[in-house]
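Here the structure comes first, spelled out in structure tokens, and everything after it is commentary.
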Amino acid sequence: MTSKMQQEIDSFLHHIRGEKAYSENTISAYRNDLGQFLDFIARQVSDWREVKHTNLSAYVNSIKQGKYASSTLARKIAAVKSFFHYLVETGLLEDDPSAMLDSPKVKKRLPKILSYEEVEALLNEPVESTSPKSLRDKAFLELLYASGMRVSELVSLNIDDIDLENNTIQCASKAEKRRVLPLKERVGNALRAYLERGRTALVHDEQERALFLNHRGHRLTRQGLWLIIKNHVKAVGLDTDVTPHTLRHSFATHMLRGGMDLSTIQKLLGHANISTTQIYAQMNQEITETQEH
């Protein structure tokens, strides 16, 4: 019956990818977590309907013996709870044996952000050169910060997604829904310069539709973009760990401090739930309190 139990895990993973639009990182983590859980529970039961709260408590006690961070333990328990909730939703189970399962308290870490001055220094670093790659880097750095796009959204952009006449750009969110974002003048200027003098030098195949290209004329990857940003951070001399997502966090926090309301920021970031966006309000409050003291 282990194969049948595995099939139900696979169905759950398919569900959270298609219906819930979970990120690939979360899906991969849940797959590993539920595989570990199945290895443990299959020694005691042969069907998910046989699982009792005592079985789950035994599993939690077993993983607590491992040297996992509290955040990892919380995720492993969350994976199990989500899975059993799904089994109840689909009608396989009548009652949820994980309903009373406690998760360790995890203090949510606030994401790092850059100051206005640090952002400006980073955005201006590629201006030191007028090479095709510098024009590309200037364009995507400006776009990342001014739009709050996710890295996956940015590297997925095609040239047809840009409308420089109306100063807008379209990008696909996690749920594959497309959202239209406004482009500020300086971002439009950077994109125009890249399209006219940068991309034309990088492209090898006239049929290539990707907006941002690497030196081989192919679509820039997430890893490639991260390395490029890392090099510019080093050149500027920032002593903080800056990732592409840092610019997204900085965008949201700066917009909030500038008076933009949370619901508008939520739409720009493509958050499905405003509770995700509220972390930036918390961050803004903590920054204000720190400055006051």
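Picking from residues in the range 1-16 that are surrounded by fewer than 16 Cβ atoms within 10 Å (Cβ to Cβ) and assigned to a helix (DSSP H, G or I), the one that is nearest to the chain's Cα centre (by Cα) is HIS14. The set of residues in the range 164-191 that are of a type in the set (D, E, K, R) and at pLDDT 95 or above is empty. Restricting to the range 66-83, give me the number of residues that are of a type in the set (Val, Ile, Thr) and without any contact (Cβ under 8 Å) to a residue 40 or more places away in the chain. Residues flagged as of a type in the set (Val, Ile, Thr) and without any contact (Cβ under 8 Å) to a residue 40 or more places away in the chain within the range 66-83 amount to 2.
For the range 57-69, the condition of being closer than 26 Å to ARG150 by Cβ and of a type outside the set (Asp, Glu) holds for at least one residue.
Scanning the range 211-248 for residues that are aromatic (Phe, Trp, Tyr) and modelled with pLDDT of 90 or more turns up just one, PHE212. Inside the range 1-21, can you point out the residues that are without any contact (Cβ under 8 Å) to a residue 12 or more places away in the chain and closer than 23 Å to THR72 by Cβ? The answer is ASP10, ARG17, LYS20. Among the residues of the range 108-166, those identified as of a type in the set (Asp, Glu) and either within 20 Å of LEU183 (Cα to Cα) or out of contact with any helix residue (DSSP H, G or I) (no Cβ under 7 Å at 6 or more places or on another chain) (or both) are GLU117, GLU118, GLU120, GLU128, ASP137, GLU142, GLU153, ASP160, ASP161, ASP163, GLU165. Residues of the range 110-141 that are part of a loop (DSSP other than H, G, I, E, B) and within 15 Å of SER250 (Cβ to Cβ): LEU110, PRO111, LYS112, ILE113, LEU114, SER115.
Residues satisfying the criterion are present in the range 118-138 (criterion: closer than 21 Å to ALA210 by Cβ, among the hydrophobic types (A, V, I, L, M, F, W, C) and either within 18 Å of the chain's Cα centre (by Cα) or assigned by TED's automatic domain parsing to the domain that holds GLN266 (or both)). Assessment of the range 216-226 against the conditions (crowded, with 18+ Cβ neighbours inside 10 Å, aromatic (Phe, Trp, Tyr) and in contact (Cβ under 8 Å) with a residue 40 or more places away in the chain) yields no matching residue. Does LEU154 satisfy the condition of being in contact (Cβ under 8 Å) with a residue 60 or more places away in the chain, outside the structural domain of ASN25 (by TED's automatic domain parsing) and assigned to a helix (DSSP H, G or I)? Yes.
For the range 157-180, a residue qualifies if it is among the hydrophobic types (A, V, I, L, M, F, W, C) and assigned to a helix (DSSP H, G or I), and exactly one does: ILE159.
The values are calculated or read from the model by the stated rules, or taken from the named source; none is laboratory data. The model shown is predicted, which means the values in this text are computed figures rather than measured ones. Virtual Cβ from ideal backbone geometry, glycine too; neighbours counted across all protein chains shown.
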